[in-house]
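Below you'll find the structure, written out as structure tokens, and then a few comments.
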Amino acid sequence: MAVPGRGNGLRSRPRGFGRLLVVAGLFLLVPIFTFVAIELAGELRTSPLPHLHDFYHGFTEGEESDPFPHGEKLQVQDGALESPIGGDAAPKLKNKVGDVPEFAFQQIGGLGELVKEQYNDLMRDRPATRTAVDAQEPGCTFALGVDRTENITTKRLYDEIAFKNEEGGVWRQGWPITYKGSEWDKRKLRVFVVPHSHNDPGWIRTVEEYYNERTFNILNVIVQALKADSRRKFIWEEMSYLSMWWSDGRVTQAQRDDFTWLVQTGQLEIVGGGWVMNDEANAHHFAIVDQMIEGHAWIANHLGPAALPRTAWAIDPFGHSPSMAYINKRAGFESMLIQRTHYEVKKKLALTRDLEFVWRQAWDPAETTDIVTHMMPFYSYDVPHTCGPDPAVCCQFDFLRLPRSGSTISCPWNIAPEEVNEHNVKERAELILDQWRKKSMLFRTNAVLIPLGDDFRYQSQLEAELQYNNYQAIFDHINRQADLHVEAQWGTLRDYFQALREELAADSPLDVPMQSDTLLPAPGSLSVLSGDFFTYADRMQDYWSGYYVSRPFYKSVDRVLEETLRAAEILFTLSAPQCARGSLDPLHAHLVRARRSLAVFQHHDGVTGTAKDHVAADYGEKMHVALKGLQTLMAALLPLRLAPAGTLSLCRPDLESLFFIPEESRSAHHLLPKKRPVDVSRLGSRLVRIVLYNTLGEFTDQVFSTLVRLSSEDVCVLDGDKRPVDSQISPVWDVSGGGGLHRLHWRAQLPGLSLQTFFLAKGAANCRPAQRATVQVFNQEPGFECPAPYGCSAPRSLEYTISNEQLSVTVETVKGLVTHVTAPSPGVTSGQVTLIDEEFDAYYTQESGAYLFLPIGEAEEIVVAGGQVLVTEGPLFKEIHSKFRTTFPDRHPVVRSARLYAGRTVQGSLVEMHHHVAIGDAAFDDREFIVRYRTDVESGPVFHSDLNGLQMARRETFSKIPLQGNYYPMPALAFLQDSTRRFSVHTRQAVGVASLKPGWLEMMIDRRLVQDDNRGLGQGVTDNHPNEVVFHLTVEANVSLTGPLPQPWHPSLLSHRVTNRLAHTVHAFVGPPEDSEASEIGSKYNALPTCLPSDLEILNLKSMRPTKEAKTSVPGAALLLHRRGYDCSYGLGSLVGVADKPAKVVGADGLFQLDAMFAGFETKRVTRTSLTLMHDQPLEAGAGFGKTVARLLLGGGGEDDADVASAQGLSSRQDEQGREGTHRRSLQRVLGEGGSEDAVPGWGGSVRIGPMEIAAFKLNLVPRTS
């Protein structure tokens, strides 16, 4: 039903020229396009009419663009999916901004003035215009911004909310809800009570402790309770626990069969189905997708494909990300539920009955990412806060709190529950029905969802029977009273969303046929929302921004495990086809362990750093064991991949005596990794082989460093063909001291996805000795000794600058802090100087805990004058190493190295800021440490931070919100920008970020807290381990942007490449000393015949084992490709391509040649599939993921291919204001990305991937025989 004043459409106002098109009709506009096509292209091209907004995007100053950038008709050329207008063949339009030829208006006669007026209005409101440089990049049309269609944004909500925390009565964060009683006279109130048990995989106890003490019993109880009465329902989320129960020797086959039967009959629903209910702030999208894949694969293998979830249930993550909505949608979910959002946001949405909405990605112009979302309205997901607005009443219906239950919990409102019997059932039913009715007044339909559960509920059969029997008595009484107009029942989450869909269809003003299983709402019934729900506050000014940083050591290990798992997955998948089936099973076991160790840490009390000390250590140990296993796997596979084809003896490696060892490893889960030094002094005439593994799909030219022990300076580096390579040696300045060690640097050029060998030698005949760095010392400490063989000078200047081919970094030597960065800028010969003014500060607190950040006042600077500054300079590597003197006497909480690398490369375009952070003793109690950059970028109150490494979010600092509420998660990137520059900080691990004043950007890097913050953990955070926090800073000139800034914002292509290199470091392995003669092991392996486009990333390439239901026993692979959206206003041309090959990008048509992607393999049986690899359809059959999802959502078999294609074809923008057109667009949204490929009756090896999309494929890699 439509809310008065909001209209019937999903949008707040017509989009683009929709109003005009309704009046004029499509045929009147044909002459415009005919003239343009003839005059500019030289011939008439067949194409559907574009949206006028897209058409006018072509009329920009100096711009060359495709006039039909979206929605082209597809054609097949040489077996590939192509657009008739696109790429190099596209006609080009050139004109000034706003200078549409007068003929264009005259062609439509009397409507010309109306068109001109609306065009001028549109141009005034449009995103920023750009110069001709944009047209050189196919992604620029996307980067121009999208035609926004949502009627709610979280940015607008924050603008409108006063954040006064007004008292609301029994619903303290709301208002007194009333109703007349006649609201349900025509349609019954449909109540769905959904029992659940939230099982944290680690928090107060470890996963294993929780399972043995609680979850084992819960799953046993659920099965028995549901079997006792077929009316009962239940939902389950965490597959990590279900897998433990399934394989538990105490569980009988009969119990497993019963569980399967309950799922098949719909009494028990799997919701979410991930390995865990993941965090949404710190978790990277790779890890989120991977843990969902692991969970869904377990479901398909043990319960069957029919058990795969269609609804997502996220009741406990501390804030919610649109990245999760996107991943859920692309995984095949129909709907989702969220809980922990700011209480003022809940209230604002409840006032307009918008707690159920269609969540759309801000960057999605095609509306393919829509997913129906339910936001729970009240404080918590426990029973007192889910039946209605009055927790004192709702608590009386949590029958575990009855005295005879034996539970220790009671109702804090001092009104105990009563068992329901024939004498009190009327009174009890009316009391809870009042709450149900009041809750339903916050939503738009007559269906109301009542969760019934809490953490680790239903541990005993008594508890289950108390809940089920008492509620059943209430249901029976209510359902017998026809005058109540209520239907109450047990339900699953899917039951509720099905009822929601039915109610929306019934209240729709359209006569729209709906398939029985689709959950897409009828047009006009729900608002469309875009944005994220950070930062979460549950009451008063208690903002949950502390967990963005808590336990940063383990957050760092998380990313190391993530990128190591990806590297191992790719290497294993490219090696397995060479070996007999089963021969690599011992190595595959390492993959499974690592996947599940990474997955369990994504839990919302894992990567968040909000578990008990011993639980955090348990997570750490699991990750440590997984890392060791992955390194063993890669070391074992290197000889196989480097050996000549057909060397099958290497398919069964001896894991106890491996040829290679990892160059860097950890000795314990709580310690930093250490490099293994190569003792060059003992080599004699022998060589040491170092194999570098580049896991990126693009060419990488970088300076690589390793540790060596020397007795003289005659170390040199040779490439795989034994040719000399320029190198440099530098002293070691780490906190443990050099100990006679040196850093050896050389420039390594690594093709995409390759293994490349280098050799270290001492005094070889063709040796080119490493060049020795120079050292300068400022503020020399007593006892400092210049390490041999370096000569150290002691200049007296107050500033010092280091430079490479692209950048200069200036430090003031009194404190050792960076002050300026000079970067290239168009038209500025000497480069543009950007003020940085680096600071290290600390907030003091007496209330912050693992979850909450509650500072007392502003942060105070901790660096004082006099710290030792060591400057190292050489041809390949330069560094300013600052051992700060701080306000903590004789302690060094932060030691920072600012580094520059040689070359016009991506690595050479950044400043590396390497921080050693150590706050492990009581002197740092109740301090929260930050790095702050005070720049001269005129950014105002606005900055941008990423969401899960997948997309960017606009942030605005509000004075009406306390400091802690202006902190946001930063898993990968944040930037400031003005009309001329963008200053970006890329991070290797998740941190918290804020911009408290214009031009300021600060990142919190560690926190040590003595007290608990009263959110259930019961302790502070004092188990701090020494950690290394790495930032990469870039300063980019705006080369094309004029006018207002577009939205949504994207990183530049250079920024993406910097992030990729930081997240996916080069893996190095060292062999034993060997003779200089030729070895049986080769020196290189290139997996790609050509590098991938710079905006296309291999998110993962993983081996898949067939499930028991699979029709083939052939092991396959899953390939996930991520096409990143980028802003081409920054870093075009030489600033992006630099020396490690010019950057190439996916073409405007979005096509990528997949069948010839991997060298040495034929790609067979390619199937496009969902993100969790469960819903697929062969491309060879002429169908992609689009139709598969459509069938799943439309009931499967309810519509044939022609019907689906027809629905898709009818979805035109020209008639979008018409009711029928709106419904057809809703069907197109169901079809999703890839639907365009379905119309092509054949596949020639290419796939289409839209900007921002993650596309998943199943395939078989078959080694070529010739």
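The values are calculated or read from the model by the stated rules, or taken from the named source; none is laboratory data. Everything numeric here is computed off the predicted structure, so don't read it as measured data. Note that we place each Cβ from the backbone using ideal geometry, even for glycine, and neighbour counts take in every protein chain shown.
Details
- Considering Val1035, Val1070, the condition of being modelled with pLDDT under 95, more than 28 Å from Tyr158 (Cβ to Cβ) and either of a type in the set (A, V, I, L, M, F, W, C) or in a helix (DSSP H, G or I) (or both) is satisfied by Val1035 alone.
- Given (1) within 30 Å of His745 (Cα to Cα); (2) in a strand (DSSP E or B); (3) among the β-branched types (Val, Ile, Thr), number of the condition Thr905 does not satisfy: (2)
- Scanning the range 604-635 for residues that are free of Cβ contacts under 8 Å to residues at least 60 places away in the same chain and out of contact with any helix residue (DSSP H, G or I) (no Cβ under 6 Å at 6 or more places or on another chain) yields Glu621, Val625, Lys628, Thr632.
- Residues (charged (D, E, K, R) and over 20 Å from Pro451 (Cβ atoms)) located in the range 217-241: Lys227
- In the set (1) acidic (Asp, Glu); (2) buried (at least 23 other Cβ atoms within 10 Å of the Cβ); (3) assigned by TED's automatic domain parsing to the domain that holds Ser527, the condition left unmet by Asp290 is number (3).
- The range 209-222, residues that are without any contact (Cβ under 8 Å) to a residue 40 or more places away in the chain and either within 15 Å of Val263 (Cβ to Cβ) or not hydroxyl-bearing (Ser, Thr, Tyr) (or both): Glu209, Asn212, Glu213, Phe216, Asn220
- Number of residues in the range 257-283 that are outside any loop (DSSP other than H, G, I, E, B) and either at pLDDT below 95 or not acidic (Asp, Glu) (or both) equals 10.
- Of residues in the range 529-550 being over 20 Å from the mean Cα position of the chain (by Cα) and assigned to a loop (DSSP other than H, G, I, E, B), the one nearest to Ala990 (Cα to Cα): Gln541
- Inter-residue pairs, beta-carbon under 9 Å, first at negative phi and of a type in the set (Val, Ile, Thr) and in the range 1158-1169, second assigned to a loop (DSSP other than H, G, I, E, B) and surrounded by fewer than 20 Cβ atoms within 10 Å (Cβ to Cβ), 6+ apart: Thr1163/Asp1155; Thr1163/Ala1156; Thr1163/Gly1245; Val1166/Asp1155; Val1166/Gly1245
- The helices (runs of 4 or more DSSP H) located wholly in the range 284-385 that include 2 or more residues which are of a type in the set (Gly, Ala, Ser) occupy 285-302, 322-330.
- Boolean, Asp248 is closer than 30 Å to Tyr851 by Cα, among the charged types (D, E, K, R) and touching a helix residue (DSSP H, G or I) at 6+ places or on another chain (Cβ under 7 Å): no
- Verdict on Ala636 being of a type in the set (A, V, I, L, M, F, W, C), part of a loop (DSSP other than H, G, I, E, B) and surrounded by 23 or more Cβ atoms within 10 Å (Cβ to Cβ): no
- Yes/no for Ser240 being buried (at least 22 other Cβ atoms within 10 Å of the Cβ), assigned by TED's automatic domain parsing to the domain that holds Arg494 and touching a residue at least 24 places away in the same chain (Cβ under 8 Å): yes
- Residue in the range 537-546 that is nearest to Thr957 (Cα to Cα), counting only those that are surrounded by fewer than 24 Cβ atoms within 10 Å (Cβ to Cβ) and not aliphatic (A, V, I, L, M): Gln541
- Test: Asp454 is among the charged types (D, E, K, R), modelled with pLDDT of 95 or more and surrounded by fewer than 17 Cβ atoms within 10 Å (Cβ to Cβ): no
- For beta carbons closer than 7 Å, sequence separation of 6+ or different chains, a first residue in the range 587-599 that is within 20 Å of Asp279 (Cα to Cα) and touching a residue at least 40 places away in the same chain (Cβ under 8 Å) and a second that is part of a helix (DSSP H, G or I) and among the acidic types (Asp, Glu), the qualifying pairs are Arg595/Asp290; Arg595/Glu294; Arg596/Glu294; Leu598/Asp290; Leu598/Glu562; Ala599/Asp290; Ala599/Glu294.
- Test: residue in the range 422-429 that is within 17 Å of Val170 (Cα to Cα) and either in contact (Cβ under 8 Å) with a residue 12 or more places away in the chain or not in a loop (DSSP other than H, G, I, E, B) (or both): no
- If you filter the range 1002-1026 down to residues that are touching an Asp or Glu at 6+ places or on another chain (Cβ under 7 Å) and in a strand (DSSP E or B), you find that the one that is surrounded by the fewest Cβ atoms within 10 Å (Cβ to Cβ) is Arg1008.
- Tabulated pairs, the range 981-994, first of a type in the set (S, T, N, Q), second assigned to a loop (DSSP other than H, G, I, E, B), C-beta under 7 angstrom, 6+ apart or interchain: Thr987/Ala972
- Of the strands (runs of 3 or more DSSP E) lying entirely inside the range 777-894, those containing at least 1 residues that are in contact with a Cys (Cβ under 9 Å, 6 or more places away or on another chain) span 863-873.
- Leading residue by the ranking (surrounded by the most Cβ atoms within 10 Å (Cβ to Cβ)) among those in the range 246-266 that are more than 16 Å from Asn217 (Cβ to Cβ) and under 33 Å from the mean Cα position of the chain (by Cα): Val263
- Subset tally (residues that are without any contact (Cβ under 8 Å) to a residue 40 or more places away in the chain and of a type in the set (D, E, K, R)) for the range 430-447: 1
- When residues in the range 1092-1135 are screened for being at pLDDT below 85, touching a strand residue (DSSP E or B) at 6+ places or on another chain (Cβ under 9 Å), under 30 Å from Glu805 (Cβ atoms) and not small (Gly, Ala, Ser), 3 of them pass.
- Of residues in the range 149-206 being free of Cβ contacts under 8 Å to residues at least 60 places away in the same chain and within 28 Å of the chain's Cα centre (by Cα), the one surrounded by the fewest Cβ atoms within 10 Å (Cβ to Cβ): Asp159
- Within the set Ser727, Ser808, Ser793, the sole residue that is surrounded by fewer than 17 Cβ atoms within 10 Å (Cβ to Cβ) and either out of contact with any Asp or Glu (no Cβ under 9 Å at 6 or more places or on another chain) or over 28 Å from Asn1060 (Cβ atoms) (or both) turns out to be Ser793.
- The residue pairs whose first member lies in the range 1078-1105 and is more than 20 Å from Leu565 (Cα to Cα), whose second member is assigned to a strand (DSSP E or B) and charged (D, E, K, R), and whose beta carbons are closer than 9 Å, counting only pairs six or more residues apart or on different chains, are Ser1079/Arg689; Ile1081/Arg689; Ser1083/Arg689; Pro1093/Arg1123; Asp1095/Arg1123.
- Remark: Glu503 falls outside the filter, which requires a residue to be over 24 Å from Tyr179 (Cβ atoms), part of a helix (DSSP H, G or I), among the acidic types (Asp, Glu) and in contact (Cβ under 8 Å) with a residue 40 or more places away in the chain.
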